[in-house]
Amino acid sequence: MGKRAVNSKKKRWRQLKQTWLPPIIFLTPAALLFVIFFVYPLFDAIRISFTSLKIQAGQPQQVFVGLKHYRNIVLLDTDFRIGFKNNLIWAFVSCVAEISLGLALAVILHRGIRFGRFFRNAWFIPMVLSGVVVGTLWAWIYHPDIGIINAVLRLVGLGDLARPWLGLDSTTLWAMIIITTWYYTGFNMVLSLAGISAIPEELLEAARIDGTNEWQNIRYVIVPLLRPVLVTEWVLCFSGKLKMFDIPYVLGVGARAAGETVVTYLYRRAFQWGTIDLGYATAVAVLWSIFILVASLVWSHVLRSREPLEY
Amino acid sequence: MTKDRAISWQENERARTVRGVQRAILYALVVLYTLFTIGPVAWTVLLSLRVNKEIIRAPFSLSTFPRWANYSDLFGQSKYLTYYGNSVLIVVPAIFVGTIIAAMAGYCLARFRFTGREFIYWVFFTSILIPPALILVPLYRQLVAFHMINTRWGLGMLYMASSIPFATYILRSYFVTIPPDLADAAKIDGCNEWSTFWRVMLPVAMPGVWSLATFSFLLYWNEFLYAVVFIQKDAYRTLPLGIQYFRGQYVFNFALISASVTLASLPVIIFYAIFSEQIIKSFRTGAVKA
């Protein structure tokens, strides 16, 4: 080849290196971890959900069964349905409670109270605790013998109202709803607070001059302006509840119908029962994940504002 | 329209009393809610400093307070120290290495231009929506094949890998806000991409990196699902697992369990006490991006 041709080839090679070498070096560690521990298992999960996977004497045996698992889950699996129902009730009630409480607290903080910083930090504390810790704390609060709730009831003479709050089927779900409200309200409060702080003072001022009292102020001014934030809170909250595992598992109610959630059910099916079909458990996981994804998309679409907010 | 008539002093007085009462009620509710929030935590700390038999007999009495021996029992009678050590050994390196890896990836996605960049970004972004429970089963088989079950480094790598999408996303948006002139100036001074990153861009991005690190600390320290699935040997248990195990082992020793719970939450609470601004802000940024 002529010298000029060789030079231009070298130049192109250099340019290629310049565009591609830095990205490759910087991205590879992350990409490696991501692909190995996430992407591959993800596809594998989908694949497994179409098979019947049993571990006999340490050796896996796979048989392709197509959509059989999915059909069984939807049509036959009562445990799944119970977990599903519980999860939905829990998600709805808890999210409504958390978000409205969080909003109320945020409004109070925004208006300004003495020691506001202290209160804000205090109200956020539950969020930094582990799910195991939260479950333990509340298991004892609800404890029939040494629990605070029953102790106080007995103290004020309402002793016959005392009961095993987590043990009774009728109260289990509500007890857990209170726990997650306690746990996550701080998060929603912080988000709402940030959102309210972003509203220009003049708008709130104008509303006040127009003679609205506080309640109207909140309903007709703050909430509409806060809509994107509230929708985000709802989507995060709702999908978070659907994925909930730590608390029902730690409370030990996951094994009972009243406290089952889909993920605890999944865990039990996959890792705690004897000769189970891992393919089935994986199918439950895939189905559930699709549901969560769809639900999140539906919520964010349905709840978003009609016109763009301008202020 | 504003009410334009003059009000009598009686009406003024009444309005002020009403406002005063409203304020009082407000503060009462605030205090009540604060008790509700901190109550369980304070109660457990209290329990951890009492004699166990007495807790069962008389829930409210304080006569045996404080009993620090519960804590020494904790370390003497059980493997609590091991659990603590495991948590630290897993979480700290995972944060350190994981944040750096995510910073590199985030910087790459923010700064370099190459085909497929948007695609990679989109992949990271959407994978945040996928629940970890989905990949439990195949992940388990994978880790078995890699001999990573019941190992500290195995769980650590898993923690890092699972936070890559989120962390990269956050750091990328942070790097995007840094003016490119900074990098150009460094290049003029003779740095190549690598040293530009380490000497200039990363230090500048420290607030965002630090914010992510504190958030990750909370996440990893309290993590339970992966830990309970991938660690079965007692020697490698992390704190959350340890606490759960205690509850099964020492069912009626409330004092001991509360001590374990208090001590386990201490690092996060101290962290939170020091970095509360940071932490709250990082929760906010994380959610807003979502």
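The values are calculated or read from the model by the stated rules, or taken from the named source; none is laboratory data. Just so it is clear, the model here is predicted, and its values are computed rather than measured. A quick note on method: Cβ atoms are made from the backbone with ideal geometry, for glycine too, and the neighbour counts reach across all protein chains shown.
What the table below lists for this structure:
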quantity	calculated
Enumeration of residues in the range B:164-182 that are surrounded by fewer than 19 Cβ atoms within 10 Å (Cβ to Cβ) and in a helix (DSSP H, G or I)	B:Ser173, B:Val176, B:Asp181, B:Leu182
Some residue of the range A:52-68 being away from every other protein chain (no Cβ under 14 Å), under 24 Å from A:Thr261 (Cα atoms) and in a helix (DSSP H, G or I)	yes
Qualifying positions in the range B:139-180 - closer than 23 Å to B:Val88 by Cα, of a type in the set (A, V, I, L, M) and without any contact (Cβ under 8 Å) to a residue 12 or more places away in the chain	B:Ala161
Any chance B:Arg247 is in a helix (DSSP H, G or I), at the interface with chain A (Cβ under 9 Å from one of its Cβ atoms) and not aliphatic (A, V, I, L, M)	yes
Tabulated pairs, the range A:134-147, first facing chain B (nearest Cβ under 7 Å), second basic (Lys, Arg) and in a helix (DSSP H, G or I), C-beta under 8 angstrom, 6+ apart or interchain	A:Thr136/B:Arg247
Those helices (runs of 4 or more DSSP H) lying entirely in the range B:1-102 with at least 2 residues at pLDDT 85 or above and over 27 Å from the mean Cα position of the chain (by Cα)	B:9-47
Residue selected from the range B:231-244 under the condition more than 10 Å from every other protein chain (Cβ to nearest Cβ) and part of a helix (DSSP H, G or I), by the criterion nearest to the chain's Cα centre (by Cα)	B:Tyr236
Number of the exception - A:Gly252 against (1) farther than 20 Å from B:Gln142 by Cβ; (2) at pLDDT 85 or above	(2)
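Per-residue answers, yes or no, for (1) among the small types (Gly, Ala, Ser); (2) in contact with a Phe, Trp or Tyr (Cβ under 7 Å, 6 or more places away or on another chain); (3) within 11 Å of chain A (Cβ to nearest Cβ):
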residue: B:Tyr174; (1), (2), (3): no, no, no
residue: B:Ala185; (1), (2), (3): yes, no, no
residue: B:Arg199; (1), (2), (3): no, no, no
residue: B:Ala205; (1), (2), (3): yes, yes, no
residue: B:Ser211; (1), (2), (3): yes, no, no
residue: B:Glu223; (1), (2), (3): no, yes, yes
